[in-house]
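What follows is a single structure, written as structure tokens, with notes after it.
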Amino acid sequence: MRDFLTRLPKAELHLHIEGSLEPELMFALAERNGVALPYASVEEVRAAYDFSDLQSFLDLYYQGMSVLHTAEDFHDLAMDYFRRAHAEGVVHVEMHFDPQAHLARGVELPVVMEGLSLARREAARELGLSTALIMAFLRDRDAEEALKVLEEAAPYWEMLDAVGLDSAEQGNPPEKFVEVFERARRLGIPRVAHAGEEGPPAYIRGALDLLGVCRIDHGVRCLGDPALVARLRDEQTVLTVCPLSNVRLRVVDRLEDHPLPRLLAEGLNVTLNSDDPAYFGGGMLENFLACQRAFDWDEATFRRLAGNAIEAAFVDEARRDELRRLLAEA
Ligand code: HPA
Ligand SMILES: [Zn+2]
């Protein structure tokens, strides 16, 4: 099964590129940029990754990215991840990035865009890996700032496959971001949003109705609302589920308790993703393997999940046909 899951062409729709920063690279970049880290070793960093909820993770996630300063840093971060993902049989990566978290540290948008763009071209050329870019707004900061960032991103609108919404969910409902998502809609930029990770089913409804999203990131808490489940099934709304993330952030106690089997049984359009692989104990392959161990799924189930991601990916139809062919041959 490990061979099959490695071979299976996996498209990743939910990844925070800043969350792919492994402790080894964190130390190397800290040294390169003269940044002091509150850890003595890579082992100490890993030992600190014991989270009680989303916020306890976000605190370390924002601290970790403080080593990223130059375009070269963003390039190295992304290439480091793309190489690992490629080795695990990932064929397409859609990465969220958090411009506000960098702007707040004095790192300007062109620096981030230059580094990520360079890495994307290199990944296509050297690894045959296609990538997409999702500019995320931080929902625990104010909506005016999000709007300002979207306007500041004007030179890059063409390069954005979508805008997203992430960070601390509770108390930061979709309503807060109606204006910025409406602006993105008028610009013709697709929208996605985290919803129903820690927040209630109402946040999933809000993301669909008020923000016009085409996918829900996480969405695992939809099961608390049967009418919503029926709607997600009828509309075949894609859920980008992140199994290991949900365990590490205590959305569920154990993977065996995860709602994934119920989501599938309900006929929902589920995909598997890694979210923040450096913080949550593994990338795409580890997420697939963990599900195999927890749920004993057969190859057909994993094929279906991989196929769902290919059908929902932000790729042109020529690339989608290639990805479908890879899946058929796996
Ligand atoms: O798992 C997450 N949830 C919300 N915001 C995030 N930003 C990075 N990772 C996450
Ligand atoms: Zn996420």
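The values are calculated or read from the model by the stated rules, or taken from the named source; none is laboratory data. Being a predicted model, the structure only gives us computed values, none of them experimental. Neighbour counts run over all protein chains shown; Cβ positions are idealised from the backbone, glycine included.
Key figures for this structure:
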| quantity | calculated |
| --- | --- |
| Qualifying positions in region 1-43 - within 16 Å of ligand 1 (Cβ to nearest atom) and polar (S, T, N, Q) | Ser20 |
| Tabulated pairs, region 315-330, first over 13 Å from Lys10 (Cα atoms), second at pLDDT 95 or above and small (Gly, Ala, Ser), C-beta under 7 angstrom, 6+ apart or interchain | Val315/Ser130; Arg319/Ser130 |
| Some residue of region 99-120 being within 24 Å of Arg320 (Cβ to Cβ) and of a type in the set (Lys, Arg) | yes |
| Scope region 254-276; condition under 20 Å from Met95 (Cα atoms) and in a loop (DSSP other than H, G, I, E, B); matching residues | Asn273, Ser274, Asp276 |
| Residue within region 64-72 that is touching a strand residue (DSSP E or B) at 6+ places or on another chain (Cβ under 6 Å) and either more than 16 Å from ligand 1 (Cβ to nearest atom) or not in a helix (DSSP H, G or I) (or both) present | no |
| Residues that are surrounded by fewer than 18 Cβ atoms within 10 Å (Cβ to Cβ), closer than 19 Å to Val112 by Cβ and in contact with a helix residue (DSSP H, G or I) (Cβ under 8 Å, 6 or more places away or on another chain), drawn from region 156-177 | Tyr156, Met159 |
| Which numbered condition Met113 misses (of (1) within 16 Å of ligand 2 (Cβ to nearest atom); (2) within 19 Å of Asp73 (Cα to Cα); (3) in contact with a Pro (Cβ under 9 Å, 6 or more places away or on another chain)) | (1) |
| Filter pass, Met79 being away from ligand 2 (no atom under 16 Å from the Cβ), surrounded by fewer than 17 Cβ atoms within 10 Å (Cβ to Cβ), among the aliphatic types (A, V, I, L, M) and at pLDDT 95 or above | no |
| Looking only at region 7-32, and only at residues there that are of a type in the set (D, E, K, R) and closer than 13 Å to Asp80 by Cβ, the one that is surrounded by the most Cβ atoms within 10 Å (Cβ to Cβ) | Glu18 |
| Number of positions in region 96-125 that are acidic (Asp, Glu), assigned to a helix (DSSP H, G or I) and crowded, with 22+ Cβ neighbours inside 10 Å | 0 |
| Answer from Val251, Val247 - the residue that is within 16 Å of ligand 2 (Cβ to nearest atom) and assigned to a loop (DSSP other than H, G, I, E, B) | Val251 |
| Tally of residues being outside any loop (DSSP other than H, G, I, E, B) and away from ligand 2 (no atom under 16 Å from the Cβ) across region 227-244 | 9 |
| Region 36-47, residues that are loosely packed, with under 14 Cβ neighbours inside 10 Å and within 28 Å of Arg139 (Cβ to Cβ) | Pro38 |
| Of the criteria (1) of a type in the set (D, E, K, R); (2) within 16 Å of ligand 1 (Cβ to nearest atom); (3) within 16 Å of Ala101 (Cβ to Cβ), which one Lys176 fails | (3) |
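Here's the yes/no breakdown for (1) surrounded by 18 or more Cβ atoms within 10 Å (Cβ to Cβ); (2) in contact (Cβ under 8 Å) with a residue 60 or more places away in the chain; (3) in contact with a His (Cβ under 8 Å, 6 or more places away or on another chain):
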{"site": "Pro243", "(1), (2), (3)": "yes, no, yes"}
{"site": "Pro261", "(1), (2), (3)": "no, no, no"}
{"site": "Ala265", "(1), (2), (3)": "no, no, no"}
{"site": "Leu289", "(1), (2), (3)": "no, yes, no"}
{"site": "Leu305", "(1), (2), (3)": "yes, no, no"}
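Residues checked against (1) among the acidic types (Asp, Glu); (2) over 19 Å from Asn287 (Cβ atoms):
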residue	(1), (2)
Ile17	no, no
Leu37	no, yes
Ser52	no, yes
Glu72	yes, yes
Val91	no, no
Phe97	no, yes
Ala101	no, yes
Val107	no, yes
Glu122	yes, yes
